[in-house]
Amino acid sequence: MGFEFLEAPQKLGEACGVFGVSLRENEGAGLVYNALLALQHRGQESAGIAALVDRSIRYHKAQGLVSEVFGAEGMAALPASPMAIGHVRYSTTGGDSRENAQPMVKEYLRGRIAVAHNGNIINGGEIRDELIKRGCDFTATTDSEIIATLIAYEALSCGTIEEAVGWAAKRLRGAFSLVVLSSQNKLIALRDGWGFRPLCLGEGPLGKAVASESCALESAGFELSRDLRAGEMVVIDGGQNATSSQVLTAERQGLCIFEFVYFARPDSVIDGLSVYQARFQAGRILAREYPVDADVICGVPDSGLEAAQGYSAASGIPFVSAFLKNRYIGRSFISPTQRQREAAVRLKLNPLKVNVAGKRIVLIDDSIVRGTTSARIIKSLKEAGAREIHLRISSPPFRHTCHFGTDIDDADSLIANQLSPAALRERIGADSLGYISVEGLKEACDGCAMAFCVGCFNGEYPLAAPAGKKNQFES
């Protein structure tokens, strides 16, 4: 089937985290920086901040982690400002380059805008071709630049920038949680009508903020007020007045359920549901759906830990730490040879022999992408003396690609469509393998105010997905 067992990426990526502030004091860039540090898990390939000063927008963005992009020199490039937005990016097919870093900044006859986008639109190619025919230029290869250009184009014929954002949004199909900074002294947040990606509103002593996750609000000194509704636009002007309008509607809504499985930080609350609680409940349901006689429960750091605790609570089997995680290794390390690639797992996750030697282990992880990391982790545990390893996964098998902002392969490349569960279990070296059911995962996320998109598991999306391969333009 052409399955490459050793070389492919091992964890899913999710396109991006956004943040914006409108303040009563000139601390915008600094607070956005703090918030981006809290959103770093949503993207590690590039970062950027745009700030408003004297009706002009200045920005700095580059490839790298937030702390790398915004050293002393990077922060010095940004003015003291009461309004600013920021972005952290994980690239999919758009590619990792400075040109694709966000925010995207565009000029038009009456001003300048900066746009930060989380998601993926499926009609980007069509809109881009139309804008090129009308004289617009493009320098990047992402749908985020298409969105920013479309807003700037609509602004030419609209009375206000928020009208332009609303009209542009009506043209877009797919996932787009947007934060827009305008030289007209306005901060605009908008969530697509399907509600694919999270976006929330916060308030603090200095003003208001919008963010992909509530953990970023808290890190920057704001309290969560509420989540934006699907299709809602919130406009915050320089005087701190926030106005809301429903600009988009959709027949079906569907928040990406993988936000609760893996993407979001466990201390975040999304659409009324604690991410920690959802993962804990997933573990409890896994214990019900796939019980096993074992000595200890272990979780794969980091997003398998809460589900492991839930499995332990439901089964009565004690939860212990199986690994010491090296938190200083960063994003990259040299692994050009097979031997070095196998050693790389130990660089990040080294087994705690005292907890695993001679034990029958239930090992909980959030997902299996291609199986390679699972195989190496299981091998390392057995080399540390584990007697049995029963792998339990807190998401169902991936059988379909995602067109709405999650980096999932095309269906013919997914391991669940290539190997049966029994064949995969044998390949990775587990003594047993069990995935939570789609209904079980929905049950774990009961209490969320949104319906869910589970298209990557069952092929049922809130809106019709394009046929064939994934969209050319990605965030």
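The values are calculated or read from the model by the stated rules, or taken from the named source; none is laboratory data. Only a predicted model underlies this, so the values are computations on that prediction, with no experimental measurement involved. Every residue, glycine as well, gets a Cβ built from its backbone with ideal geometry; the counts of neighbours run over all protein chains shown. These accessible areas exclude ligands, DNA and RNA; they are computed on the full protein's heavy atoms, side chains included. Shrake-Rupley method; radii C 1.70, N 1.55, O 1.52, S 1.80 Å.
Restricted to region 430-451, and to residues there that are among the hydrophobic types (A, V, I, L, M, F, W, C) and open to solvent by 40 Å² or more (accessible area, probe 1.4 Å), the residue that is nearest to residue 194 (Cα to Cα) is 451.
Scanning region 215-261 for residues that are β-branched (Val, Ile, Thr), open to solvent by 10 Å² or more (accessible area, probe 1.4 Å) and touching a residue at least 40 places away in the same chain (Cβ under 8 Å) gives 235, 247, 249. Screening residue 74 against (1) within 26 Å of residue 202 (Cβ to Cβ); (2) touching a Gly at 6+ places or on another chain (Cβ under 9 Å) leaves a single unmet condition, (2). Filtered by the rule that a residue be assigned to a loop (DSSP other than H, G, I, E, B) and out of contact with any helix residue (DSSP H, G or I) (no Cβ under 7 Å at 6 or more places or on another chain), region 264-308 gives 271, 272, 290, 292, 293, 294, 295, 301, 302, 304. If you check 187, 199 for being under 21 Å from residue 106 (Cα atoms) and either in contact with a helix residue (DSSP H, G or I) (Cβ under 7 Å, 6 or more places away or on another chain) or open to solvent by less than 10 Å² (accessible area, probe 1.4 Å) (or both), only one passes: 187.
Of the candidates 361, 329, the single residue that is outside any helix (DSSP H, G or I), among the β-branched types (Val, Ile, Thr), open to solvent by less than 60 Å² (accessible area, probe 1.4 Å) and modelled with pLDDT of 90 or more is 361.
If only residues of region 186-197 that are in contact (Cβ under 8 Å) with a residue 60 or more places away in the chain, of a type outside the set (A, V, I, L, M) and touching a Leu at 6+ places or on another chain (Cβ under 7 Å) are counted, the one that is farthest from residue 250 (Cα to Cα) is 196. With a requirement of 1 or more residues that are modelled with pLDDT under 85, the helices (runs of 4 or more DSSP H) lying completely within region 1-98 that satisfy it span 72-76. Given the residues 194, 167, which is the only one that is at pLDDT 95 or above, open to solvent by 10 Å² or more (accessible area, probe 1.4 Å) and touching a helix residue (DSSP H, G or I) at 6+ places or on another chain (Cβ under 6 Å)? Every option except 167 fails the conditions. For residues in region 435-445 being touching a residue at least 40 places away in the same chain (Cβ under 8 Å) and out of contact with any helix residue (DSSP H, G or I) (no Cβ under 7 Å at 6 or more places or on another chain), which is nearest to residue 388 (Cα to Cα)? Filtering region 435-445 for residues that are touching a residue at least 40 places away in the same chain (Cβ under 8 Å) and out of contact with any helix residue (DSSP H, G or I) (no Cβ under 7 Å at 6 or more places or on another chain), the one nearest to residue 388 (Cα to Cα) comes out as 435.
Only a single criterion out of (1) at negative phi; (2) in contact with a Cys (Cβ under 6 Å, 6 or more places away or on another chain) is not satisfied by residue 271, namely (1). Being among the basic types (Lys, Arg) and closer than 21 Å to residue 265 by Cα is not true of residue 55. Would you mind finding the one in 399, 425 that is within 14 Å of residue 369 (Cα to Cα), open to solvent by 20 Å² or more (accessible area, probe 1.4 Å) and either assigned to a helix (DSSP H, G or I) or hydroxyl-bearing (Ser, Thr, Tyr) (or both)? Of the residues listed, the single one that is within 14 Å of residue 369 (Cα to Cα), open to solvent by 20 Å² or more (accessible area, probe 1.4 Å) and either assigned to a helix (DSSP H, G or I) or hydroxyl-bearing (Ser, Thr, Tyr) (or both) is 425.
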